[in-house]
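J.: The structure follows.
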Amino acid sequence: MPALPSMQRLTILQGEAKASADPAIEMSTILGSCVATCLFDPVARVGGMNHFLLAEPPAHQCSQKFDSDYGLFLMELLVNEMLGLGAARSRMRARLYGGANLNPDLAPIGTANAAFAREFLEREGIPKVFEDLEGTLARRIRFRPATGQVSARIVAPETAPTQKPLGRPQSALGTVELF
Amino acid sequence: MSATTATPIRVLTVDDSPSMRALLLGALTARGFAVEQAEDGQQALEWLATNEVDVIITDINMPRLDGFGLIEKLRASALHAERPILVLTTESSDEKKQRARNAGATGWIVKPFDAEKLTTALRRVIH
């Protein structure tokens, strides 16, 4: 996927979800154990990408389940960003990337991220047309939201940012305003 | 001495996302609420035509009838004019919050929600 001279790069960081219909935008992210979802509506020609990492349970909890609430939030945020640009949920198609387990000595959070993303799409009825998940290698993803084109490339593990789960942002957590 | 059982607060959640409905159902039933669910504003309206709840929690972006439309239609009905309606949404724009307020929403909660804060808000708006 050759870069066009007028292309504007938009980096999607962990905890972000963005959508666009602008043919001059190329979204980019580097993934280790994180997962990126690329959604595309071919009729509205709107696409979007998120980048999430599930949080591990607190050490004092017996549960081994990862905290999926924040992943769910980022998925919904992505869907809503797309809807806001004229996409229809029924036309959305998904591609999933990332979820590597870079360090065999750590909990397989990449696998948990990948499983969450697959389950979310299945539950929501959004067809998954492609996945490049798990393994042990970092990936660089480039996504053109107006055309749905994706390029995925393996990169050196040190290229992937060392990321800790953001979890649910405490400052904005469930902000409640009663009128 | 006979034990009395408090009647649970009845909540209708309106959200087109099965994942979010499952999350709300789990969080609210675990805290003693009786939960009914609708997939969009239209289904909520149809259900409310023959059923009652104490409080409604609605998303904004939904097919057929969105959260704004649902609030406006409920407020136009004498039956639901005073019914507490909380908006639970990923939307964070002040313009949309104001629109919900103008339509007659009782409160605005930004996702990702905290179950304890949501519970507190629910108890506050029905008393």
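J.: Scanning the range A:131-152 for residues that are open to solvent by less than 40 Å² (accessible area, probe 1.4 Å) and touching a Ser or Thr at 6+ places or on another chain (Cβ under 8 Å), which turns out nearest to B:ARG21 (Cα to Cα)?
T.: Ranking the qualifying residues of the range A:131-152, first place goes to A:PRO145.
J.: Is there a residue in the range A:33-54 that is at pLDDT below 95 and farther than 18 Å from A:ARG118 by Cβ?
T.: No, because not a single residue in the range A:33-54 is at pLDDT below 95 and farther than 18 Å from A:ARG118 by Cβ.
J.: Sticking with this one: Which residue is farthest from the other protein chains (Cβ to nearest Cβ), if the candidates are limited to the range B:100-114 and must be surrounded by fewer than 20 Cβ atoms within 10 Å (Cβ to Cβ), in contact with a strand residue (DSSP E or B) (Cβ under 8 Å, 6 or more places away or on another chain) and modelled with pLDDT of 95 or more?
T.: B:GLY104
J.: I'm trying to understand the selection: among the residues of the range A:96-130, which are open to solvent by 80 Å² or more (accessible area, probe 1.4 Å) and under 27 Å from B:GLU91 (Cα atoms)?
T.: Passing the criteria: A:GLU119, A:GLU122, A:ARG123, A:LYS128.
J.: Now for a separate question. Could you grab me the full set of residues in the range A:64-92 that are at pLDDT below 90, in a loop (DSSP other than H, G, I, E, B) and facing chain B (nearest Cβ under 10 Å)?
T.: Once the filter is applied, which keeps residues that are at pLDDT below 90, in a loop (DSSP other than H, G, I, E, B) and facing chain B (nearest Cβ under 10 Å), the range A:64-92 yields only A:SER68.
J.: Does B:ALA38 satisfy the criteria of being open to solvent by less than 10 Å² (accessible area, probe 1.4 Å) and either away from every other protein chain (no Cβ under 14 Å) or basic (Lys, Arg) (or both)? It would help to see each step written out before you state the result.
T.: Numbers: open to solvent by less than 10 Å² (accessible area, probe 1.4 Å): yes; either away from every other protein chain (no Cβ under 14 Å) or basic (Lys, Arg) (or both): yes.
For B:ALA38, the condition - open to solvent by less than 10 Å² (accessible area, probe 1.4 Å) and either away from every other protein chain (no Cβ under 14 Å) or basic (Lys, Arg) (or both) - is met.
J.: Based on what the data block shows, is B:LYS97 buried (at least 16 other Cβ atoms within 10 Å of the Cβ), assigned to a helix (DSSP H, G or I) and out of contact with any strand residue (DSSP E or B) (no Cβ under 7 Å at 6 or more places or on another chain)?
T.: Judged against the criteria, B:LYS97 is not a match.
The values are calculated or read from the model by the stated rules, or taken from the named source; none is laboratory data. Since we're looking at a predicted model, the values are computed, not measured. All Cβ positions, glycine included, derive from the backbone under ideal geometry; neighbour counts span all protein chains shown. All accessible areas refer to the heavy atoms of the entire protein, side chains included, with ligands and DNA or RNA removed. Shrake-Rupley method; radii C 1.70, N 1.55, O 1.52, S 1.80 Å.
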